[in-house]
Every structure is written in structure tokens, then in C-alpha cells.
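The values are calculated or read from the model by the stated rules, or taken from the named source; none is laboratory data. Small disclaimer: the values here were computed from a predicted structure and weren't measured. Please note: Cβ atoms are built from the backbone with ideal geometry, for glycine as well, and neighbour counts cover all protein chains shown.
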Amino acid sequence: MPVSSRYRPSSSHAALGPDFHDVVAAATFPGHILRYRNQRAATTVGLDTLTDAEWIAHFGQFEPLAGTFGQPLALRYHGHQFRSYNPDLGDGRGFLFAQLYDDRGRLLDLATKGSGRTPWSRTADGRLTLKGGVREVLATSMLEALGVDTSKSFSLIETGESLIRGDEPSPTRSSVLVRLSHSHIRIGTFQRQAFHRRTDNIATLLDYTIKTYMPDVWRDEPAARALAFLEEVCRRVARVGAQWMAAGFVHGVLNTDNINITGESFDYGPWRFLPVLDPAFTAAYFDETGLYAYGRQPDALFWNLTRLAECLLGIADQASLEKTLGVFEPVLRREFTSAMLNRLGVESRGAVLDNELVRALWVFLSETKAPFEQTFFNWFGGLASAARAGRSPSQAFYAAEAFQPVREALTDYAPRNGIDLAHPFFARGEACAMLIEEVEAIWAPIAEWDDWSAFHAKLKDIDQMRAAYGLA
């Protein structure tokens with residue numbers, strides 16, 4: 001395997017022991033067609049030099065990568081699903097395939113979705129539909145371009161099976177996805193040990209997590225260590241929640257098993273982006289009460305963090321844990337303002353003026369229902385883009401009185417350093433968005449004629465957007 005000199009493997013997670021995972025084998029698939037290869041992400045972990053055949057061997061047939069796990073690990077966890085506790089969860093169609101360090105020195109996971117049955121599959125087939133894989137590639141690519149801390153879709157391989165699903169036309173095509181993520185230790189990982197009253201395992205997991213992912217918060221005294229850990233997780237989860245809100249993104253399934261301790265967005269099922277600002281907008285058809293609606297996402301995250309705090313009651317006292325949870329809301333507010341400024345591509349002018357700008361823009365979007373993504377695209381760079389915004393399909397919104405407070409709030413805001421408003425991306429009239437109608441339009445020719453041109457064209461558009469927004 002011609003890995004580059006940047007390849008640095010690890011098998012760190014195995015040290016947690018068998019209470020945290022099951023050794024499993026990958027499914028054998030009848031076919032392997034490479035549909036997506038994230039070469040940019042592969043470069044960061046030293047796997048960019050693999051040939052396509054070697055890529056398929058590792059990420060479709062799951063031949064072990066040198067220096068990491070000899071056999072995949074299906075991770076054990078529990079979780080609250082729509083606030084009902086489920087003790088029968090775990091990696092049911094995926095596993096931790098490998099760990100390796102990236103070019104920033106972070107330990108990352110390569111984990112799968114659709115790689116076959118495990119002890120936690122219950123009655124499911126352990127597979128992933130090709131449409132589900134395509135949707136995850138689109139979600140992660142778009143979120144990354146919008147500045148959200150997200151897992152990366154690393155590989156998508158079509159696997160030649162016909163799957164029966166109740167929520168889409170069947171039979172449908174199969175795939176296996178590999179994601180690159182900064183940890184798969186979830187709130188539900190702690191919940192499983194608390195459910196079984198394994199305080200010893202909670203302490204083991206806590207120490208491993210801190211040493212591996214957040215060494216700066218290590219404290220010698222156990223209670224102080226637990227509190228510092230909870231505070232750091234609250235900060236990280238608040239940050240990604242704020243980024244979702246600024247991106248107009250609805251995750252759809254904010255169960256405790258879908259929130260990891262590094263605060264990175266991952267595991268995309270019924271996600272959607274807002275067409276217009278609407279707090280009640282939901283992504284999942286089965287979210288009948290709107291529990292995980294767009295506007296309720298911060299509350300859902302805080303509820304989940306409270307469940308994490310409960311797992312630490314054997315180490316720290318309740319009053320101290322409750323006090324620590326209090327960091328979530330102020331961090332969320334600060335991070336939301338920061339994320340909004342990033343979305344507008346402008347430099348901060350201080351907390352007071354920044355908050356006034358964000359408030360004015362949010363009121364405008366709420367009251368007028370101007371297209372969400374189009375508005376950020378039109379005004380990226382602030383008033384320096386006023387002439388461009390005046391030529392936009394949304395120009396009537398900006399000419400109305402309702403926009404005047406935003407225009408006034410943008411006064412003296414300069415484009416963020418490094419932003420090139422002459423980038424070809426800004427010559428287009430319409431934003432690069434990702435509404436559900438376009439997702440379906442991208443999928444339709446794949447399903448009907450195996451035509452991937454719209455999929456690749458969209459990824460090219462997103463790459464251009466990421467570069468234009470200064471995130472390349």
C-alpha cells in the first residue's frame with residue numbers, strides 16, 4: 001500500500017477494552033463501484049496516494065490499514081431516542097474501521113455506515129441505501145463549505161445489492177459509506193456505562209476521552225476532572241449548534257447517540273436546509289411533534305448535555321454539575337454571533353455592534369421570509385457587496401423598508417481579511433443552496449439512468465463556494 005509519509009495510524013480506542021466494543025467482520029458485497037473519493041480529506045491523513053483499486057480494497061472490502069485495527073470494532077452505546085431511553089443501541093450497520101492522525105496532529109476515526117450486520121443490528125440488514133450515501137456526501141460537503149464543524153464523507157462505494165425500504169421506492173441500490181470524524185465517543189457511550197452502574201468504566205472512559213481529545217482540561221482530582229470535561233463538551237456542542245443555526249441547517253435526529261463529545265456534527269439521516277427562516281421547520285417526517293425542529297435544536301442539545309451530566313453523578317456532585325451546564329447558553333450566543341459574522345464574511349466590530357447586526361438581520365429574515373441562503377450570499381462582504389445584492393433575484397427584499405436596519409447595522413463593517421469579492425463564485429446570480437428539491441433532482445437521474453453528472457456538478461459548485469468563502 002503506497003501510503004504517504006504523512007500516514008500515522010493508531011489503534012487507541014481498542015485500549016478501552018471489550019466493555020466498549022465488539023470485534024466484527026464486514027459484509028461481503030457482490031459489487032464495488034467507487035462513486036465518491038474525498039481526495040482532499042485523504043491528503044490530510046496520508047491516504048491520498050492509494051490507487052482506486054487499493055481504495056476499494058480498504059473501504060469497500062475492508063482489508064485492514066497497516067498499523068491500526070486488525071478487525072473492525074462495533075461500538076457499544078445507549079441513547080435517548082426522541083427522549084425515550086433505548087438500551088438496545090450500538091453500531092448496528094457500521095463499525096470503527098481505523099484510527100489515524102491528521103496533519104494537525106488530531107486523532108481521527110474512519111468509521112462506516114452500511115458495512116453489514118453486527119450484534120447491535122437487531123432485525124435490520126446492516127446496509128445503507130445508495131441514496132442515503134449520496135445525501136450524506138452532499139450534507140457534509142455543504143456544511144463544511146458553510147463553516148460547520150462536521151465529519152467528512154471520505155468514501156462512497158456502491159455495493160451491488162437490492163434493498164427493501166419502507167420510506168423510498170424499493171428495491172433500491174446499496175452502498176457503503178466511510179466517514180472521517182474526530183471521535184465516535186457519544187453521550188450514549190457514557191449512558192451505557194451509567195445504565196449498567198459501571199462507575200469504574202465511566203471513570204476509564206472519562207480519562208481516556210480527556211487524554212485523547214482534550215488534554216488541556218485534565219485535572220488531577222476526579223471531581224474537578226469530570227467538571228472540566230463537562231464544561232468543555234458543553235462549549236464544543238454549543239459551538240456546533242450555533243453553526244447549524246447560522247447555516248440554516250436542521251439535523252433532524254438529535255438523539256443522545258448522535259451527539260459526540262468532541263462536538264462535531266455527524267450521522268446524517270433526514271437532514272434539511274431552511275428555504276426561509278422558520279423556527280418550526282422540521283427535517284424528519286416522523287418528528288410529528290417538532291421536537292427537533294430548527295428553532296428547538298439548541299434546547300435539544302442542552303437536554304442531551306444534561307443527560308451526560310447525569311452520567312457523571314458518581315464522580316461529581318449534582319450542584320456542581322448543574323452549575324457547569326450553565327456555560328452552554330452564553331457560549332451558544334457568542335458562537336452564534338461569530339458564526340453569523342463568518343456567514344456574512346465581515347470582521348467583528350465588538351460585541352455590542354456585532355449583536356446589533358445579527359439581531360437586525362435575524363428580524364429581517366424572520367419578518368420578510370427572504371430566501372435564507374440567498375441573503376447570506378448576496379451580502380457576503382457586507383456593504384461592499386451592495387451593488388451585487390441590488391442585481392439579485394432577491395433585490396426587492398433589500399429595497400424594502402424592512403431591510404433598512406440591516407443596511408444601517410452593516411455600516412463600517414469591512415470584508416473579512418482574505419476574502420476576494422472578485423472571486424468568480426460571486427459573479428453568479430443565485431446562491432449555491434441545498435434545498436430538498438435540489439437533492440431529489442440530483443438523485444433522480446442517478447436512480448433512473450445512472451447519470452451522476454448533476455451530483456458531480458453540485459460538488460464542484462460547493463468546492464467553489466468553499467474557496468470563495470475562504471474555507472479552502
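So which helices (runs of 4 or more DSSP H) stay within the stretch 349-440 end to end and still have 1 or more residues that are within 17 Å of residue 461 (Cβ to Cβ)?
Hits in the stretch 349-440: 372-378.
Can you pull out the helices (runs of 4 or more DSSP H) entirely within the stretch 130-237 that have at least 1 residues that are modelled with pLDDT of 95 or more and assigned by TED's automatic domain parsing to the domain that holds residue 302?
187-195, 199-213
Here is a check on your reading of the model: is residue 353 closer than 17 Å to residue 468 by Cβ, surrounded by 14 or more Cβ atoms within 10 Å (Cβ to Cβ) and either assigned by TED's automatic domain parsing to the domain that holds residue 237 or of a type outside the set (Asp, Glu) (or both)?
In short, no.
Please list, ordered by first then second residue, the pairs with beta carbon atoms under 6 Å, 6 or more apart or interchain, first in the stretch 423-438 and in contact (Cβ under 8 Å) with a residue 40 or more places away in the chain and assigned by TED's automatic domain parsing to the domain that holds residue 373, second outside any helix (DSSP H, G or I) and surrounded by fewer than 20 Cβ atoms within 10 Å (Cβ to Cβ).
Listed pairs, sorted by first residue: 435/275.
For the stretch 413-472, give me each residue that is surrounded by 12 or more Cβ atoms within 10 Å (Cβ to Cβ) and among the basic types (Lys, Arg).
Those that are surrounded by 12 or more Cβ atoms within 10 Å (Cβ to Cβ) and among the basic types (Lys, Arg): 416, 428, 458, 466.
Just give me the residues in the stretch 167-190 being over 22 Å from the mean Cα position of the chain (by Cα) and either within 14 Å of residue 96 (Cα to Cα) or surrounded by fewer than 24 Cβ atoms within 10 Å (Cβ to Cβ) (or both), in sequence order.
167, 168, 169, 170, 171, 172, 173 - these are the residues of the stretch 167-190 that are over 22 Å from the mean Cα position of the chain (by Cα) and either within 14 Å of residue 96 (Cα to Cα) or surrounded by fewer than 24 Cβ atoms within 10 Å (Cβ to Cβ) (or both).
The conditions are (1) closer than 16 Å to residue 341 by Cα; (2) modelled with pLDDT of 95 or more, and residue 397 fails exactly one of them. Which is it?
Among (1) closer than 16 Å to residue 341 by Cα; (2) modelled with pLDDT of 95 or more, residue 397 violates only (1).
For the stretch 327-348, what are the residues that are outside any helix (DSSP H, G or I) and either closer than 16 Å to residue 242 by Cα or of a type in the set (A, V, I, L, M, F, W, C) (or both)?
Filtering the stretch 327-348 down to residues outside any helix (DSSP H, G or I) leaves 327, 345-348.
Those that are outside any helix (DSSP H, G or I) and either closer than 16 Å to residue 242 by Cα or of a type in the set (A, V, I, L, M, F, W, C) (or both): 327, 346.
Take the stretch 113-153 and flag every residue that is of a type in the set (A, V, I, L, M), over 21 Å from the mean Cα position of the chain (by Cα) and surrounded by 21 or more Cβ atoms within 10 Å (Cβ to Cβ).
Let us first name the residues in the stretch 113-153 that are of a type in the set (A, V, I, L, M), namely 124, 128, 130, 134, 137-139, 142-143, 145-146, 148.
Going one step further and asking which of them are over 21 Å from the mean Cα position of the chain (by Cα), we end up with 124.
None - no residue of the stretch 113-153 is of a type in the set (A, V, I, L, M), over 21 Å from the mean Cα position of the chain (by Cα) and surrounded by 21 or more Cβ atoms within 10 Å (Cβ to Cβ), so the list stays empty.
Has the stretch 286-297 got any residue that is outside the structural domain of residue 436 (by TED's automatic domain parsing), surrounded by fewer than 21 Cβ atoms within 10 Å (Cβ to Cβ), of a type outside the set (A, V, I, L, M) and within 25 Å of residue 93 (Cα to Cα)?
Yes: one or more hits.
Across the stretch 441-472, what is the total count of residues that are within 21 Å of the chain's Cα centre (by Cα), under 30 Å from residue 170 (Cβ atoms) and part of a loop (DSSP other than H, G, I, E, B)?
Number of matching residues: 0.
Go over the candidates 82, 62 one by one and state the one that is buried (at least 18 other Cβ atoms within 10 Å of the Cβ) and modelled with pLDDT of 95 or more.
62
Could you list, in sequence order, the residues of the stretch 85-112 that are buried (at least 17 other Cβ atoms within 10 Å of the Cβ) and not in a strand (DSSP E or B)?
Across the stretch 85-112, the qualifying residues are 89, 90, 91, 92, 93, 94, 95, 102.
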